[in-house]
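Readers should treat all values here as calculations from the given coordinates under stated rules, not as data from a laboratory. What you see is a predicted model, and the numbers here were worked out from it, not measured in a lab.
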Amino acid sequence: MARKTSLPQPAATASLIAQRCPLQPTLGLILGSGFGPVAEAVEVERAFAYRELPGFPVGAVSGHSGRLLLGRWHGVPLAVLQGRAHFYEGFTLEEVTFATRVLAALGVKTLLVTNAAGGINPKFRPGDFMALTDHINLMGANPLRGPEPVGLTRFVDLTRAYDPELHAALEKAAKSAGTKCREGVYLAVSGPSYETPAEIRAFSRLGADAVGMSTVPEVLVARQCGLRVAGLSCITNAAAGLGGKHQTVTHPEVLAQAKRRAKVATKLVGEFVKRLK
Ligand code: HPA
């Protein structure tokens, strides 16, 4: 028996969107902290505020604007989630990932998920980009928990969660955008507090290269829906304890660093989109 949920069916919200905009997106972009300005490069056909869309979360974290855009970029029809809901805002992971299910219901086949992250790998510097090779889920929760969605498995295989071809496309895109692209493992925590230096030392030993508070829930749902997934982080700061004696980690600093890299991020994502034609 399906358990009660207050969320609508993702397909219902998708058909409402499709009624208002005939464009059929094949690519989805989830723009995290600092990647919001990437949306300015898209030829927008229709913009929806999240509050217009049943089931979409209305969050309030600075740096996130809360709009779904449908349009084209380099000729590729795409759907852009400009701003996301986070677990740390108090949303359930079902709410956090609802929009990802709507993208799948709209016909999206490929998803690029972006975020800001703290660098754990000692080679990483603030401002670097990192293509995700894999992730470690330490959020303490999983969006696939609960009733099995009709027609989908809950026992999702994650041996290649991040598509190797898309990863290669991100690396080429970075080169064309004139920037380096690191690669590594993203570790997700629930937040909202930043980590302690002891936690970061532990995460380093676990094999993490970067740490953040998002992305993993959307990737899990996207894989359940059969989407090909790529992940891209902007390393905005040295993770706690790795930035010298006087280091602090603050949200305004994270946003400011991401903003400094927004132009290059836009170029990089644009070059990636070009390669999906
Ligand atoms: N920790 C967790 N999340 C983050 C960080 C960090 O250092 N930087 C940006 N997002």
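So the values come out like this:
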{"quantity": "Gaussian network model of the chain, springs between alpha carbon atoms under 10 Å - residue of Ala208, Ala168, Ala131 with greatest fluctuation", "calculated": "Ala168"}
{"quantity": "GNM top mover of His167, His251, His86 - the chain, alpha-carbon springs below 10 Å", "calculated": "His251"}
{"quantity": "Cα pair distances in the range 2-123, grouped into 5 Å bins until the bin that holds the longest one, percent each", "calculated": "2, 11, 22, 25, 19, 11, 5, 3, 1, 0"}
{"quantity": "The range 74-139: radius of gyration over Cα atoms, expressed as a fraction of 2.2 N^0.38 Å", "calculated": "1.36"}
{"quantity": "Where N is the number of residues in the chain, Cα Rg divided by 2.2 N^0.38 Å", "calculated": "0.94"}
{"quantity": "Residue-averaged [θ]222 nm for the chain, counting only DSSP H segments that reach four residues, each worth -39500 (n - 2.57)", "calculated": "-8500 deg cm²/dmol"}
{"quantity": "Three-way shape label, the range 135-277, alpha-carbon gyration tensor, a/c 1.5", "calculated": "oblate"}
{"quantity": "When each of Lys109/Lys172; Lys175/Lys263; Lys109/Lys180; Lys123/Lys274 is checked by Cα-Cα distance, pairs over 19 Å", "calculated": "Lys109/Lys172; Lys109/Lys180; Lys123/Lys274"}
{"quantity": "Percent of beta bridges antiparallel (DSSP, the chain, rounded to nearest 5)", "calculated": "35"}
{"quantity": "Karplus-derived HN-Hα couplings along the range 135-143 (A = 6.51, B = -1.76, C = 1.60, θ = phi - 60°), whole Hz, x at Gly and Pro", "calculated": "9, 10, 9, 10, 6, x, 7, 9, x"}
{"quantity": "Radius of gyration and Dmax over the Cα atoms of the range 180-232, both given in Å", "calculated": "12.7, 37"}
{"quantity": "Translational D in µm²/s for the range 112-180 (Stokes-Einstein at 37 °C, 0.692 mPa s, Kirkwood Rh from C-alpha pairs)", "calculated": "219"}
{"quantity": "Reciprocal mean inverse distance between Cα atoms of the range 67-190 - Kirkwood radius, Å", "calculated": "16.7"}
